[in-house]
Amino acid sequence: MHKKSIASACLFAMSVSFVSLAATAQEATLHNAAFNEDVGAQERINLSSKLRMLSQRIASASCHLVEGDDIEAASTLLANDSTEFDKILNALVNGDAELNVIGAEERRKTLVKIASVKELWEPMKVAVYALTDQRDIEANLETVILSNSELLNRAAVLVTEIVC
């Protein structure tokens, strides 16, 4: 990917952010203490949907970090959102009482869709952590930008699978 293409992709990713990085980073550190009495089905839907939002926010924050826009907030956001992405994926597979996802996923089709998201997320996550360490910036930003749309698509397919 050429530098001009990366810059254009970053401008787009950065433009989808409607709130400041600092405010978003603060929100990401807050713990949601809401209590949901169902057995976790609605939480599975909500959390799988949240993966879509996180994929976009991670791409945007990566671009902000590389562009030097509020580096501390972008780094905090990337760390928090990456950790949350992993936690949600784990909860969708194994359950997580803290996230109100009761029991492990048993539907094979859903597990396949989760695995598809995770397969694309793993190299993107490695690139994100490398960016926060300021390592091989151009190649890692390219990985994030090139993975971003497909990760969003796979997360959307996952939501559909969980709902159905």
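For segment 90-102, indicate whether the set of residues that are touching a residue at least 24 places away in the same chain (Cβ under 8 Å), in a helix (DSSP H, G or I) and of a type in the set (S, T, N, Q) is non-empty. No, segment 90-102 contains no residue that is touching a residue at least 24 places away in the same chain (Cβ under 8 Å), in a helix (DSSP H, G or I) and of a type in the set (S, T, N, Q). Within segment 121-145, being buried (at least 18 other Cβ atoms within 10 Å of the Cβ) and either in a loop (DSSP other than H, G, I, E, B) or among the aliphatic types (A, V, I, L, M) (or both) holds for Met124, Ala127, Val128, Leu131, Leu141, Val144, Ile145. Can you confirm whether Val117 is under 15 Å from Leu158 (Cβ atoms) and over 16 Å from the mean Cα position of the chain (by Cα)? In short, no. Check segment 56-65 and report whether any residue there is touching a Cys at 6+ places or on another chain (Cβ under 7 Å), surrounded by 20 or more Cβ atoms within 10 Å (Cβ to Cβ) and within 19 Å of Thr143 (Cα to Cα). Checked against the condition, which is being touching a Cys at 6+ places or on another chain (Cβ under 7 Å), surrounded by 20 or more Cβ atoms within 10 Å (Cβ to Cβ) and within 19 Å of Thr143 (Cα to Cα), segment 56-65 yields at least one hit.
Only the coordinates and a few stated rules stand behind these numbers; no lab work does. Bear in mind the structure is a predicted one, so any value in this text is a computation, not a measurement. All Cβ positions, even for glycine, are placed from backbone atoms using ideal geometry, and neighbour counts span all protein chains on display.
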